[in-house]
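A short write-up of the structure that comes next.
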Amino acid sequence: MLRNILGSIIALAGATAAVLSPFRAWYDGRHGTDFRIENLFSGLTPAHAVLLGSVFLPLAFAALLTLAAILFRSRTVMTVSGLLVLATAVLWLVQRSRLPAGLNTNSVGPGLVYALIGAALLLLAAVVMRGRRPHRVPDATHGHDHPLPGSYDPYGDTQTMWRPPEE
């Protein structure tokens, strides 16, 4: 339980950093909200974007996935959330590297750093979280726990497995 609480705190910090990142300068004084989602795949352009058409959208979706992962204690969803933030930042960096030599300067702003830190924190939270464990019920005949029917049995207890009726 302590690992889930610690992982949730780390995840909330990562999601906050990811959501704040588009509102900071990413490149040459331009905020992340100025870059269209299409720019992540087709190249950076000087055209501005609306908020929900900018890189804010995948980062906000990752924050919603983070909240769902915390609520359901899902390490898998937390990992997907971290990878979505990381993919957004990496795709943006790839497009930035494709700029002509005169425009490709080293003026990366704090917004991109926030996104990368947010991705790292989300992936760390997925590692720290314990997630859900299978529920076990006590068995009166053997004195030890058996998994509920249909759940995963990590010990391979064959006495609880279903067998077809013998003819």
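Does ALA49 count as touching a residue at least 12 places away in the same chain (Cβ under 8 Å), assigned by TED's automatic domain parsing to the domain that holds LEU124, under 16 Å from LEU123 (Cα atoms) and buried (at least 17 other Cβ atoms within 10 Å of the Cβ)? Considered against the rule, which asks whether it is touching a residue at least 12 places away in the same chain (Cβ under 8 Å), assigned by TED's automatic domain parsing to the domain that holds LEU124, under 16 Å from LEU123 (Cα atoms) and buried (at least 17 other Cβ atoms within 10 Å of the Cβ), ALA49 comes out as no.
Scanning segment 8-31 for residues that are among the aliphatic types (A, V, I, L, M) and under 15 Å from the mean Cα position of the chain (by Cα) returns ILE9, ILE10, ALA11, LEU12, ALA13, ALA15, ALA17, ALA18, VAL19. Looking at segment 1-115, the helices (runs of 4 or more DSSP H) lying wholly inside it that each contain 3 or more residues that are among the polar types (S, T, N, Q) sit at 2-20, 75-97.
Return yes when ILE37 is surrounded by fewer than 19 Cβ atoms within 10 Å (Cβ to Cβ), touching a strand residue (DSSP E or B) at 6+ places or on another chain (Cβ under 8 Å) and among the β-branched types (Val, Ile, Thr) and no when it is not. Working first, answer last.
Working: surrounded by fewer than 19 Cβ atoms within 10 Å (Cβ to Cβ): yes; touching a strand residue (DSSP E or B) at 6+ places or on another chain (Cβ under 8 Å): yes; among the β-branched types (Val, Ile, Thr): yes.
In short, yes.
PHE72 meets each of the listed conditions (1) more than 18 Å from ALA25 (Cα to Cα); (2) among the aromatic types (Phe, Trp, Tyr); (3) surrounded by 17 or more Cβ atoms within 10 Å (Cβ to Cβ) apart from (3). The condition of being on the phi < 0 side of the Ramachandran plot, assigned by TED's automatic domain parsing to the domain that holds GLY7 and at pLDDT 75 or above holds for only one of ALA87, ALA101, that being ALA87.
Scanning segment 56-90 for residues that are in contact (Cβ under 8 Å) with a residue 60 or more places away in the chain and β-branched (Val, Ile, Thr) gives ILE70, VAL85.
The values are calculated or read from the model by the stated rules, or taken from the named source; none is laboratory data. Just so it is clear, the model here is predicted, and its values are computed rather than measured. Ideal geometry is used to build each Cβ from the backbone, glycine not excepted, and the neighbour counts take in all protein chains shown.
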